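Notes follow the structure.
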Amino acid sequence: MPGTRLEWGLTVQIAKKTLSASLISLCLLALAACGSVSETTAPAITKQPLSRALTVGQSVTFSVEASGTPVLTYQWTKSGKVISGATSASYTTRAATVSDNGAQFTVVVSNPKGTVTSNPASLTVSAAGLLLLNSSASSLSFGSVIVSSSSVQKVTLTNAGKANVTISQVLVAGAGFDSTGGSSGLILAPGQSTTLTSTFAPSATGVAAGKITVSSNASNSPASIVLSGSGVASSSHSVTLSWTDGASEITGYHAYSSKVSGGPFVRMTSTELTNSSYRDSSVQSGQTYYYVVTALNSSNQESAYSSVVTAVVP
């Protein structure tokens, strides 16, 4: 049957052409796939990490977005130091402390094609809710004090935080120095203050140095106050100050001296004066002294300095 044979021959030819076309298509697809796998691009940062702000005790997450092939690797740094284990596109900090304020975070993104470093992201740590005990002075100078006499200075400790601060210990170091107030176990509520009264009573002539150390549960503990003074021998010279009583609400006075014009002035009176005169027996021959006086009212508020008077000891 000739007609039938021709029909089968035609069918076979068509099938071969179809198969051949399919193989060509598969080969082209394979070549295209091989070409895309071999292509590499250097890393590029598409979204930089952002600076963040938080309060003490909180943590925050920095993140970066980048492109590039093959697979990217990440390494975060804090203020130039590598952070161990921080090797992903994001990094969550530990609970922040005051010392973390201002830290700079960057991330290095790499692949075999290259490396790129992000812009720095800053961390701002606020003290809200922090336990803070602040001192009104970091040092106290008693100046020259006659041996076997004493001079008194005061410093105020204030709870500047948002929670109660408990003072656990007040230590005084240095020959001739002492301190009262701020006893162990004292609790200061936020905004509350207490006064330390420091005394210098030299038993010998010469320069003396000391320190008050206040320990508490505050984050800036311990607070340190440096003490200084000089023990001097009694002199045959003295300077007597006198002034006119002021307004009727004045209840007392304090007298101050300095060896430097314009101060700083050191208070000479351990307690307030109830009369309008004061005798300074600690002066030394050949020295120049500058004096001022302040007035106190019944609320123990102290006025500004009076005008300065100068005494030259022969």
Looking at (1) in a strand (DSSP E or B); (2) out of contact with any Phe, Trp or Tyr (no Cβ under 7 Å at 6 or more places or on another chain), can you tell me which one Val107 breaks?
(2)
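Ala160 - would you say it is surrounded by 13 or more Cβ atoms within 10 Å (Cβ to Cβ), small (Gly, Ala, Ser) and out of contact with any Ser or Thr (no Cβ under 9 Å at 6 or more places or on another chain)?
On the way: surrounded by 13 or more Cβ atoms within 10 Å (Cβ to Cβ): yes; small (Gly, Ala, Ser): yes; out of contact with any Ser or Thr (no Cβ under 9 Å at 6 or more places or on another chain): yes.
Answer is yes for this residue.
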For Ser281: the one exception among (1) modelled with pLDDT of 85 or more; (2) touching a His at 6+ places or on another chain (Cβ under 9 Å)
(1)
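Sort out for me the strands (runs of 3 or more DSSP E) sitting completely within the range 219-314 that have 2 or more residues that are out of contact with any Lys or Arg (no Cβ under 9 Å at 6 or more places or on another chain). Outline the logic, then answer.
Values: elements: 223-232, 239-242, 250-258, 277-280, 288-297, 309-312.
By residue number, 223-232, 250-258, 277-280, 288-297, 309-312.
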Per-region count, the range 116-128, residues surrounded by 13 or more Cβ atoms within 10 Å (Cβ to Cβ) and either within 19 Å of the chain's Cα centre (by Cα) or in a strand (DSSP E or B) (or both)
9
Residues satisfying the stated conditions in the range 201-221, i.e. without any contact (Cβ under 8 Å) to a residue 60 or more places away in the chain and either over 19 Å from Phe177 (Cα atoms) or surrounded by fewer than 13 Cβ atoms within 10 Å (Cβ to Cβ) (or both):
Ser203, Ala204, Gly206, Val207
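In this structure, does Lys78 turn out to be more than 30 Å from Ala255 (Cα to Cα), of a type in the set (D, E, K, R), without any contact (Cβ under 8 Å) to a residue 40 or more places away in the chain and outside the structural domain of Ala160 (by TED's automatic domain parsing)? Please lay out each step first, then the result.
Numbers: more than 30 Å from Ala255 (Cα to Cα): yes; of a type in the set (D, E, K, R): yes; without any contact (Cβ under 8 Å) to a residue 40 or more places away in the chain: yes; outside the structural domain of Ala160 (by TED's automatic domain parsing): yes.
So Lys78 passes the test.
Please find, among Ser198, Ser236, the residue that is at negative phi and without any contact (Cβ under 8 Å) to a residue 12 or more places away in the chain.
Details: Ser198 fails: without any contact (Cβ under 8 Å) to a residue 12 or more places away in the chain.
From the options Ser198, Ser236, the qualifying one is Ser236.
The values are calculated or read from the model by the stated rules, or taken from the named source; none is laboratory data. Here the structure is a predicted model, which means the values were calculated and not measured. We place every Cβ from the backbone using ideal geometry, glycine too, and count neighbours over all the protein chains shown.
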